[in-house]
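A.B. asks: My questions will all concern the structure given below.
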Protein chains: 2
Amino acid sequence: MIEADAAGTLAQRLAERIRDKLIAGELRPGQKLSEAALASTLDVSRNSLREAFRLLTKEGLLRHEPNRGVFVATPSMASIIDIYRVRRVLECRALEQAYPKHPAVIRMRTSVERANKAREDGDWSSVGSANMAFHAAIVDLADSSRLNAFYAHIAAELRLSFGLLPDPEMLHAPYVDLNANILAMLEAGKPKEAAAALDAYLAQSERTVLAAFARIAEPA
Amino acid sequence: MIEADAAGTLAQRLAERIRDKLIAGELRPGQKLSEAALASTLDVSRNSLREAFRLLTKEGLLRHEPNRGVFVATPSMASIIDIYRVRRVLECRALEQAYPKHPAVIRMRTSVERANKAREDGDWSSVGSANMAFHAAIVDLADSSRLNAFYAHIAAELRLSFGLLPDPEMLHAPYVDLNANILAMLEAGKPKEAAAALDAYLAQSERTVLAAFARIAEPA
DNA sequence: TATAGAAAAATTGTTGAACAATCTTGACAG
DNA sequence: CTGTCAAGATTGTTCAACAATTTTTCTATA
């Protein structure tokens, strides 16, 4: 893996670079992205950058105000609540209706194992990645490429919110065991119970994120 | 309402114009959209048109093959099946978990009434519109702007498939009464039953569409 | 005749400059 | 202090050009 991101058109590559900066926290929410400045920084033309902006705006990562510019999307209580509603619809339904021998179940299991190992090593960042992979695998149970793509956007947007929080990785840590439980129920042929557990998981996670967000949003 | 579509940037307006042509059937699936030709037809620059292409590609209405061009998305059995999977996840879950006094219920009712009236008048096109509105209202029960936006894309893509079929509006006609039943169950405080009925509805609709599609796809 | 391959043409990818339209800033008058 | 208006900066849009890639055309050869 020597190559960086040499795929497709320049706009796509640009979108990827900016997306990385976004989830890496290099670009702060609400920050304005000047066309001229960014174009010269990234050493591309304004036209190409604008195409990338259109891409990222459609993904919900940027906000485009005509004649005013594009800004990094700013997470809010409302957006976090909205995102968790989406997660409940997609994940719970996919899990509830899942075929217990679906290939994605294997990915769920490997994700749990990776998370366990990472937790032992104290590698919280990897715990977070494994957790995200676990939930992406759940959505994949529904066998729809459109749902997968949509969930990828939602997950990226949620990561934007996480980036604002202190100790973002720690948010995932408590849920490793819950994931294992959910997986066990599914493999035991009890998808309904697994879905119920997932619903509880999401409710708890949502409360935690909202609380942490409220703490930093209004320190008044 | 004299104004046509004077909102936002040129790329957005272009996207809307092309989207309209797409669902109106003026642009055929698989057809290549030449940048130079379309730009001169629509009397805009290639750059602006390219921005619009990026928008519509993200919506799933166009397909972008780097260095080869953009094409009108071509419906297939696989895409129809995928879309109906999405519909089941979004609509059934939203209905099942719905609060019976949610404002969207009113829109569901007016949609049913509009469909009934249109059917009496033999206005099948309006029956179709009312039917689409009914299902959009169902998704709105989940109270998520992201789900609403996603469903709008899915609906537009499905309409692309309908456009290929003979008597596309007739596809909606048989379902007016089923919608009324679903609404009645929801208003009677039985969301679970309503969701089950909707699931059956979608299964039947999917079969019909697939059968019609198969008939025109391989007339060998 | 068929076909592989090279040359030519057409199309997409990308850039830079230019100007119009709109927004932002800041000075100034009341 | 506040509202107005001009100046400056930024986005919106177009155009022309060239590079990179694909498609088409044509030819030489088996």
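The values are calculated or read from the model by the stated rules, or taken from the named source; none is laboratory data. Computed from a predicted model, the values in this text were never measured in an experiment. Note: ideal-geometry Cβ built from the backbone for every residue, glycine included; neighbour counts use all protein chains shown. Heavy atoms of the whole protein, side chains included, go into the accessibility calculation; ligands, DNA and RNA do not. Shrake-Rupley method; radii C 1.70, N 1.55, O 1.52, S 1.80 Å.
A.B. asks: Name the pairs: first residue in the stretch B:24-52 and more than 22 Å from B:ALA217 (Cα to Cα) and among the hydroxyl-bearing types (Ser, Thr, Tyr), second residue within 9 Å of DNA strand D (Cβ to nearest atom) and in a strand (DSSP E or B), Cβ to Cβ under 8 Å, at least 6 apart or on different chains?
C.D. replies: Once the first residue is more than 22 Å from B:ALA217 (Cα to Cα) and among the hydroxyl-bearing types (Ser, Thr, Tyr) and sits in the stretch B:24-52, its partners that are within 9 Å of DNA strand D (Cβ to nearest atom) and in a strand (DSSP E or B) give B:SER34/B:GLY69.
A.B. asks: Now for a separate question. Go through (1) open to solvent by 70 Å² or more (accessible area, probe 1.4 Å); (2) modelled with pLDDT under 95; (3) touching a Ser or Thr at 6+ places or on another chain (Cβ under 7 Å) one by one and return the number of the condition A:ARG85 breaks.
C.D. replies: Among (1) open to solvent by 70 Å² or more (accessible area, probe 1.4 Å); (2) modelled with pLDDT under 95; (3) touching a Ser or Thr at 6+ places or on another chain (Cβ under 7 Å), the lone unmet condition for A:ARG85 is (2).
A.B. asks: Among the numbered conditions (1) closer than 14 Å to B:ALA94 by Cα; (2) buried (at least 17 other Cβ atoms within 10 Å of the Cβ), tell me where B:LYS192 comes up short.
C.D. replies: Every condition holds for B:LYS192 apart from (2).
A.B. asks: Within the stretch B:21-63, which residues are at positive phi and among the charged types (D, E, K, R)?
C.D. replies: Step one: list which residues in the stretch B:21-63 are at positive phi, which gives B:25, B:30, B:43, B:60.
Across the stretch B:21-63, the qualifying residue is only B:ASP43.
A.B. asks: Additional query: Could you give every pair whose Cβ atoms fall below 8 Å, whose first residue belongs to the stretch B:68-97 and is in the same structural domain as B:ALA155 (by TED's automatic domain parsing) and of a type in the set (Lys, Arg), and whose second residue is open to solvent by less than 30 Å² (accessible area, probe 1.4 Å) and outside any helix (DSSP H, G or I), counting only separations of at least 6 or pairs across chains?
C.D. replies: Once the first residue is in the same structural domain as B:ALA155 (by TED's automatic domain parsing) and of a type in the set (Lys, Arg) and sits in the stretch B:68-97, its partners that are open to solvent by less than 30 Å² (accessible area, probe 1.4 Å) and outside any helix (DSSP H, G or I) give B:ARG85/A:ALA142; B:ARG85/A:SER144; B:ARG93/B:ALA142.
A.B. asks: Just the residues that are touching a strand residue (DSSP E or B) at 6+ places or on another chain (Cβ under 8 Å) and more than 10 Å from DNA strand C (Cβ to nearest atom), please, taken from the stretch B:28-53.
C.D. replies: Residues satisfying the conditions are B:ARG28, B:PRO29, B:GLY30, B:GLN31.
A.B. asks: Here is a further query. Hey, can you tell me all the residues within the stretch B:130-150 that are open to solvent by 20 Å² or more (accessible area, probe 1.4 Å) and more than 8 Å from chain A (Cβ to nearest Cβ)?
C.D. replies: B:MET132, B:ALA133, B:ALA136, B:ASP140, B:ASN148, B:ALA149
A.B. asks: Could you list, in sequence order, all residues of the stretch B:56-68 that are away from DNA strand C (no atom under 13 Å from the Cβ) and either over 17 Å from the mean Cα position of the chain (by Cα) or open to solvent by less than 10 Å² (accessible area, probe 1.4 Å) (or both)?
C.D. replies: So in the stretch B:56-68, the residues away from DNA strand C (no atom under 13 Å from the Cβ) come out as B:56, B:58-61.
Of everything in the stretch B:56-68, those that are away from DNA strand C (no atom under 13 Å from the Cβ) and either over 17 Å from the mean Cα position of the chain (by Cα) or open to solvent by less than 10 Å² (accessible area, probe 1.4 Å) (or both) turn out to be B:LEU56, B:LEU61.
A.B. asks: If a residue must be more than 9 Å from every other protein chain (Cβ to nearest Cβ) and open to solvent by 20 Å² or more (accessible area, probe 1.4 Å), how many such residues does the stretch A:40-55 contain?
C.D. replies: Going through the stretch A:40-55 one residue at a time, the tally reaches 7.
A.B. asks: On to the next question. If B:SER129 satisfies every condition in (1) of a type outside the set (Asp, Glu); (2) without any contact (Cβ under 8 Å) to a residue 40 or more places away in the chain; (3) in contact with a helix residue (DSSP H, G or I) (Cβ under 6 Å, 6 or more places away or on another chain) but one, which is the exception?
C.D. replies: Only one criterion is unmet by B:SER129, namely (3).
A.B. asks: Can you report the number of residues in the stretch B:4-38 which are within 14 Å of chain A (Cβ to nearest Cβ), within 19 Å of A:ASN47 (Cα to Cα) and among the small types (Gly, Ala, Ser)?
C.D. replies: 3
A.B. asks: Keeping to the stretch A:69-82, report how many residues are within 10 Å of chain B (Cβ to nearest Cβ) and open to solvent by 40 Å² or more (accessible area, probe 1.4 Å). Walk me through how you get there before you give the answer.
C.D. replies: Of the residues in the stretch A:69-82, the ones within 10 Å of chain B (Cβ to nearest Cβ) are A:78-79, A:81-82.
After this cut, where a residue has to be open to solvent by 40 Å² or more (accessible area, probe 1.4 Å) as well, the list is A:78, A:81.
The total comes to 2.
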